[in-house]
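Chemist: Dumping the structure here so I can ask a few things about it.
The values are calculated or read from the model by the stated rules, or taken from the named source; none is laboratory data. The structure displayed is predicted, hence computed values, not measured ones. Methodologically, a virtual Cβ is constructed for each residue, glycine included, from the backbone with ideal geometry; neighbour enumeration extends over all protein chains shown.
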Amino acid sequence: MLAIFLAPVAAIIPTAATSPILIMVGVLMLDSLRKIDFENFEEMLPALLVVIIMPFTYSIANGIAWGIILHTLIKVAKGKGAKVHPIMYLLSVSFIMRYIVM
């Protein structure tokens, strides 16, 4: 209910004013890349896909979805499917179904 009244106020702010903040958020997100083990293919490829897909689709959700799908597929393909949490399988199937239906 509060958003109904605050939406017009937020619409007053021009995109030129919000762009620098979004750039700062992106820089802060890049800090997490230092923690990725780039020597480990199983961890590097899904993370790289997430980083590439987010800006090209203008959606953080799409980047995360494709990262989860690829992470699960790589683990299963390498025979490490038992190490994947069941929720990851559920999310992967859900995201795949979402992209099929869309």
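Chemist: Please go through segment 43-102 and give me each residue that is charged (D, E, K, R) and over 16 Å from the mean Cα position of the chain (by Cα), ordered by number.
Modeler: Looking only at segment 43-102, we keep the residues that are charged (D, E, K, R), and these are 43, 75, 78, 80, 83, 98.
Residues satisfying the conditions are K75, K78, K80, K83.
Chemist: Considering only segment 1-45, state which residues are part of a loop (DSSP other than H, G, I, E, B) and under 30 Å from I74 (Cα atoms). It would help to see each step written out before you state the result.
Modeler: Keep residues of segment 1-45 that are part of a loop (DSSP other than H, G, I, E, B), which gives 1, 13-14, 36-40.
I36, D37, F38, E39, N40 - these are the residues of segment 1-45 that are part of a loop (DSSP other than H, G, I, E, B) and under 30 Å from I74 (Cα atoms).
Chemist: Can I ask one more? Mind listing just one residue for me: the one in segment 2-56 that is more than 16 Å from G67 (Cα to Cα) and of a type in the set (S, T, Y) and, of those, surrounded by the fewest Cβ atoms within 10 Å (Cβ to Cβ)?
Modeler: Taking the candidates together, the pick is T15.
Chemist: Name the pairs: first residue in segment 35-64 and farther than 20 Å from M102 by Cβ and at pLDDT below 85, second residue assigned to a helix (DSSP H, G or I) and not small (G, A, S), Cβ to Cβ under 7 Å, at least 6 apart or on different chains?
Modeler: Listed pairs, sorted by first residue: none to list.
Chemist: Would segment 6-23 turn up any residue that is without any contact (Cβ under 8 Å) to a residue 24 or more places away in the chain, at negative phi and within 17 Å of the chain's Cα centre (by Cα)? I'd like the intermediate steps shown before the answer.
Modeler: Of all residues in segment 6-23, those without any contact (Cβ under 8 Å) to a residue 24 or more places away in the chain come to 6-23.
Subset that is at negative phi: 6-23.
Narrowing the set further to residues that are within 17 Å of the chain's Cα centre (by Cα) leaves 22-23.
Yes; the residues of segment 6-23 include at least one that is without any contact (Cβ under 8 Å) to a residue 24 or more places away in the chain, at negative phi and within 17 Å of the chain's Cα centre (by Cα).
Chemist: Of everything in segment 64-100, what is exposed (fewer than 15 other Cβ atoms within 10 Å of the Cβ) and not in a helix (DSSP H, G or I)? Give them in sequence order.
Modeler: Once the filter is applied, which keeps residues that are exposed (fewer than 15 other Cβ atoms within 10 Å of the Cβ) and not in a helix (DSSP H, G or I), segment 64-100 yields K78, G79, K80, H85.
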